[in-house]
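First the structure, in the form of structure tokens, and then the observations on it.
The values are calculated or read from the model by the stated rules, or taken from the named source; none is laboratory data. Being a predicted model, the structure only gives us computed values, none of them experimental. Heads up, the Cβs are rebuilt from the backbone with ideal geometry, glycines too, and the neighbour counts pull from every protein chain shown. Each accessible area value is taken on the protein alone, full model and side chains, heavy atoms only, with ligands, DNA and RNA left out. Shrake-Rupley method; radii C 1.70, N 1.55, O 1.52, S 1.80 Å.
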Amino acid sequence: MKVSKTTGARFHFTALHHRIITLLFVVVNRMEKGEDFLSATDNKVAMSEPSEKSFPAWMIWKRRRYILAVLAFFGFFNIYALRANLSIAIVDMTAQKESVLENGTIIHVRDFDWDSKKQGFVLSSFFYGYILTQMIGGWLASKFGGKHIFGLGIASTAALTVITPFVAKQSFYFLLAVRIAEGICEGVTYPCIHDVWSKWAPPLERSRMATIGFSGSFFGTVVSMPVCALLADVWGWESIFYVTGSVGLLWFLCWWLLIADSPANDKYISQSELRYIQGSLGQQVNRKVKHPWKSIATSLPVWAIVVGHFSENWGFYTLLTQLPTFMKDILHFELGSTGVMAAIPYLAISITVQLAGQLADWLRERNVFTTTQVRKIFNCGAYISQTAFMLAAAYLLSPVGTTICLTFAVGLGGFAWAGFGVNHLDIAPQHASILMGISNTFATIPGIISPVITGYIVTTPSEYEWQIVFFISSGVYLFGCIFYGVFAKGEVQSWAKESETLKSEYEFKKREGMENAAYSSD
């Protein structure tokens, strides 16, 4: 049968009209459901790209989230370098130096004639500012984005560090004001990074990504002390502030240019990685988050994190501030070797925190333990071990034995960071920055009062006095172990369930054939 041109044209027009109507119906239907009507096209593009699983784990440049984690590592490295630089510089600033007068007379003078009380005020002034902005930092991160506040916090501290030599030469009180201001700027960093992890870290990679970043602080402690001492010896104490401040500003430029606030805003991320992150976390919508303050304040899992954070920092700050003195007075190390020996425990924790993050996520990925079980095992196991090694160090009091015990006491704290350190993201992902601000506020208190208490106890000094210091730290660790072990949780709390994030994450993994109850239910 022969079909006329008019009839054929009418047929094609009708078919085309039908297809347009069908397409419009699909688009409207998807828009009503909140779906992207271009998702089918995006999926085809994503499927044409190689899966990130096809790349070896060490090729981090293929995964934008791990580039972020590495830059976070160097961010925390700078945070502790900028914090610890004065403790090294002040030795040279107050040291007696030879000066030759015009008539040939040699006299001994100091750049700054500060007594021990003034030096104590200068060294502790940072923490007076640091404790003020923990909560504010969490709020700013949730409002303006963790990436921006984290970067600006470090950049501001670095800029203030660069001008420190000039300020110190003007007035002692100006220097105090600058150090307090540095503490205020750095106080926002820890809360802000949790906001970044909440947008970038898939649940089964939270431990390893967070501990990669946190380990930078311990590496910063280990590296900055000898490097700052070398700078002071070669170019003078002023160079310490110029170098550490400049490095911090250089890091800020890299962070600002290379890192986006969320995967959806990252112009360099691949579609396959974006799909993986969004599928595991759920579509992230920019909206104001209302924080349930009363529920947070009365939540025992939140207080378990607070107590855990406080306990770990008590031992950490006690040894950070007192270990060189203890090794010199009781173990009779020479002054030159004291700095190196005191850095060994912090080198240990910088390694263990990396291993702990990898192991924690490995156990969760394979459903060996639930999230709650992993957090409690790592946290409580670390505290029990630290209690035992602290007590052993108190009784041994020998150069080799005590150094080994203190290395284990500090080093095993890395496993606790895979417990309480990322637990905020487990129980309330959208409020993680606020929770970190709360816990780090309490965890800053040991940095202020622990050295003071030690100063009142250790007056002679004697072995018995130092034993009391170690007994107190052991007791704090043990209390933290019990409280965290009883009240900690690993699942999203009812007051924090403001979205379908967890459900989306579980359904995504189930579709991929990777069902894992460790993050769907405990």
When the stretch 365-397 is checked residue by residue, the ones that are farther than 13 Å from residue 423 by Cβ and basic (Lys, Arg) are 366
Of (1) of a type in the set (Gly, Ala, Ser); (2) in contact with a Ser or Thr (Cβ under 9 Å, 6 or more places away or on another chain); (3) open to solvent by 10 Å² or more (accessible area, probe 1.4 Å), residue 414 satisfies every one except (3)
Among the residues of the stretch 468-500, the number that are over 30 Å from residue 392 (Cβ atoms) and either in contact with a Pro (Cβ under 6 Å, 6 or more places away or on another chain) or modelled with pLDDT of 95 or more (or both) is 2
Of the residues in the stretch 456-475 that are over 35 Å from the mean Cα position of the chain (by Cα) and touching a residue at least 40 places away in the same chain (Cβ under 8 Å), the one that is farthest from residue 391 (Cα to Cα) is 461
Taking the stretch 245-259 and keeping only residues that are at pLDDT below 95 and crowded, with 18+ Cβ neighbours inside 10 Å, one is left with 259
Scanning the stretch 366-388 for residues that are surrounded by fewer than 24 Cβ atoms within 10 Å (Cβ to Cβ) and in contact with an Asp or Glu (Cβ under 7 Å, 6 or more places away or on another chain), the one nearest to residue 308 (Cα to Cα) turns out to be 372
Of the residues in the stretch 429-462 that are assigned to a loop (DSSP other than H, G, I, E, B) and among the polar types (S, T, N, Q), the one that is modelled with the lowest pLDDT is 459
When (1) in a loop (DSSP other than H, G, I, E, B); (2) surrounded by 22 or more Cβ atoms within 10 Å (Cβ to Cβ) are applied to residue 268, the one that fails is (2)
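Every residue, every condition in (1) more than 24 Å from residue 74 (Cβ to Cβ); (2) open to solvent by less than 20 Å² (accessible area, probe 1.4 Å), yes or no:
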site	(1), (2)
117	yes, no
122	yes, yes
145	no, yes
156	no, no
168	yes, yes
198	no, no
When (1) touching a helix residue (DSSP H, G or I) at 6+ places or on another chain (Cβ under 8 Å); (2) surrounded by fewer than 17 Cβ atoms within 10 Å (Cβ to Cβ) are applied to residue 452, the one that fails is (1)
